[in-house]
Amino acid sequence: MGKTITDKIWEMHEVARDEDGRSLIYIDRHLTHEVTSPVAFSDMKAKGYTVRRPDLTLAVMDHNVPTDSKENPSMDELSKAQMDALWNNSRTFNVPLLDFYSPYQGIIHVIGPELGFTLPMATIAAGDSHTSTHGAFGALAFGIGTSEVEHVLVTQTLWLRRPKQMKVVFEGRLRKGVDAKDLALFLISQIGTGGGIGHIIEYQGPVIDSMEMDERMTLCNISIEAGARTAIINPDDRTFNYVKGRPLAPKGEEFDEAVRMWRGIRSDSDAKYDKELRFNVSDLKPMVTWGTNPSMAAPVDGHVPYPEEVKDSRQREEVERALKYMGLSPGTRITDIKVDVVFIGSCTNSRLSDLIKAAEIIKGKHVAPGVKAIAVPGSEWVRRQAERLGLHRVFIDAGFEWRHSGCSMCIAMNSDRLRPGERSASTSNRNFENRQGPGGRTHLVSPAMAAAAAIHGRFVDITGDAI
């Protein structure tokens, strides 16, 4: 019987197995940031521990960093304390750090791939739930808790229970104006936020094969919102071409040898999965969330649901609560929903291609009256690339605020946040209550959809003539 890519990577990295069936997995790459690392480092200091492989760990400031300015940043005391702690801990434990002023600073799941720290066939861990992003490269990537962060720092290993495996095949061809974000929201709307619990989702099919790496990262990133343990895609020539030449990637003959190994870890055609799903997405429209979790989504030409349409009483109550929080009436057309704020950024959609898609929509136009719009590149590297292309002028001329890199309004741990009752079109990954600020109302969309909403002040179907 054939093996999946997960089987192959797992077996290559399994160091030991305990009586409960857990595996001790060697971790090739470890990413950490200022929010989930302080307790781990503090505990290590108290115990006299050291970092086993500082060269395999990369620290970055992203969650708390101000995005308004590098010269005179807006920063609260807690944010400064956490950033200072990471600075001091990195020096104490000799861990490489991309600090607030580094030319390579950025969001943890953006800088890993763009620097070549993320590689196919690698096991990757980070104290951040959206570590699944790195699965786009054929890496086995896990988000972990604070105690596990400490375990990886000290031992370069992680105790894991082997998840089940789910194969999701996307067939057909995405229409113009529909991208990976829409695909992800569609999947979650179909299987729910618990549909992937206990599983690693492996994506396959012609739609995946035709995707560029940035889109694959978006899809794997938001897979965690379906309850999946992580997500993965078989590496191919697109993957290898993306990695080649990156600062921390193998060079010359070492890269050629690595590619030969990477080609051998694809899932076998006769591999078995615990669950398989297939979707033809040729008719898929851009998706917009209307509720308070990513499964509460509808196509842009759809409407907000009626609670009585939901048969399960518990789910009906969730819908009623979501509509109350979001201030929406059942039956409201998605295209009638107006927005106050537009946020283009986050580890889901802040790469160069995302900014290009948004710029194509807004070029020569202007943000609607009363709408605040901000564009936050995923890294300083992305920001510089965008500026070389003149994208910053497109955003600024259209009335957007052009920011420095950081998690920004995705998690609202700095001054970038919604005020109570404000409604946003956001390219981030979570629309939970209060996620973007107390009382804030979040609608998840793709970069192009967010850009169109900024121009029109409401959601529009970008596959039609409305833009």
* Taking R0 as 30 Å, what's the FRET efficiency between Leu277 and Ser147 from their Cβ-Cβ distance, rounded to 0.05? -> 0.35
* Sequence-distant or interchain residues sharing an amide H contact under 5 Å with Asn434, placed H: which? -> Gly439, Gly440
* Place +1 on the Cβ of every Lys and Arg and -1 on the Cβ of every Asp and Glu in segment 350-467, take the dipole about the Cα centre, and give the residue among Phe395, Ser405, Pro377 whose Cα lies farthest towards its positive end. => Ser405
* Asked: Counting Lys and Arg as +1 and Asp and Glu as -1, each charge on the Cβ, what is the dipole of segment 310-414 about the Cα centre in debye, to the nearest 20?
  -> 120 debye
* **Stretchable slack from Arg263 to Leu78, in nm (0.36 nm times residue separation minus alpha-carbon distance)** => 62.0 nm
* Asked: How do 112-120, 64-72 rank on mean C-beta neighbours within 10 Å, highest first?
  -> 112-120, 64-72
* **Leading residue at positive end of dipole, the chain (Cβ point charges), from Ile222, Gly291, Trp87** => Gly291
* Asked: Nearest 20 debye, what's the magnitude of the dipole of the chain about its Cα centre given +1 on Lys and Arg Cβ and -1 on Asp and Glu Cβ?
  -> 320 debye
* Largest-first ordering by accessible area, 1.4 Å probe, given options Ile108, Ile396 -> Ile396, Ile108
* For Lys181, go through the lysines and keep the ones whose alpha-carbon is under 16 Å away, minus same-chain ones fewer than eight residues off. => Lys285, Lys357
* To do: Based on the mean of other Cβ atoms within 10 Å per residue, sort peptides 87-98, 432-443 so the most packed one is first.
  => 432-443, 87-98
* Of all accessible surface on segment 1-130 at a 1.4 Å probe, what whole percent is carbon and sulfur? -> 49 percent
* Estimated FRET transfer efficiency (Asn241, Trp159; beta-carbon r; R0 51 Å; 0.05) -> 0.90
* Accessible carbon and sulfur surface of segment 325-457 relative to its total accessible area, %, 1.4 Å -> 51 percent
* Asked: Share of segment 217-322's accessible area from carbon and sulfur, percent, 1.4 Å?
  -> 43 percent
* Per DSSP H run of n ≥ 4, the term is -39500 (n - 2.57); total these for the chain, divide by its residue number, and report the mean residue ellipticity at 222 nm rounded to 500 deg cm²/dmol. => -9500 deg cm²/dmol
* What ranking, highest mean first, results for peptides 401-409, 162-170, 260-268 when packing means the other Cβ atoms within 10 Å averaged over each residue? -> 401-409, 162-170, 260-268
* To do: Hey, can you find the accessible area per residue of the chain for me, probe 1.4 Å, expressed in square angstrom?
  => 40 Å²
* Work out, step by step, the length gained on full extension between Tyr325 and Glu19: first 0.36 nm times the residue separation, then minus their alpha carbon distance; give nm to one decimal. => 105.5 nm
* Could you point to the label whose value was computed as Rg/Rh (Cα atoms, Kirkwood Rh) for the structure here, given (i) 0.99; (ii) 1.09; (iii) 0.95? => (iii)
* Structure fact -> quick note, segment 194-299, DSSP beta bridge pairs, % antiparallel (nearest 5) is 50 percent
* Could you tell me what percent of the DSSP beta bridges with both partners in the chain are antiparallel, to the nearest 5? => 25 percent
* Cut-off 19 Å (backbone N to label point 7 Å along Cα→Cβ of Asp43), residues of segment 1-37 -> 23-27, 30-37
* Place a +1 charge on the Cβ of each Lys and Arg in segment 77-148 and a -1 charge on the Cβ of each Asp and Glu, then give the dipole magnitude about the Cα centre in debye, rounded to the nearest 20. => 100 debye
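The values are calculated or read from the model by the stated rules, or taken from the named source; none is laboratory data. Quantities reported herein were computed from a predicted structural model and do not represent experimental measurements. When we count neighbours, we look across all protein chains shown, and the Cβ atoms used for this are built from the backbone with ideal geometry, even at glycine. Remember, those area values only see protein heavy atoms, side chains included, never the ligands or the DNA or RNA. Shrake-Rupley method; radii C 1.70, N 1.55, O 1.52, S 1.80 Å.
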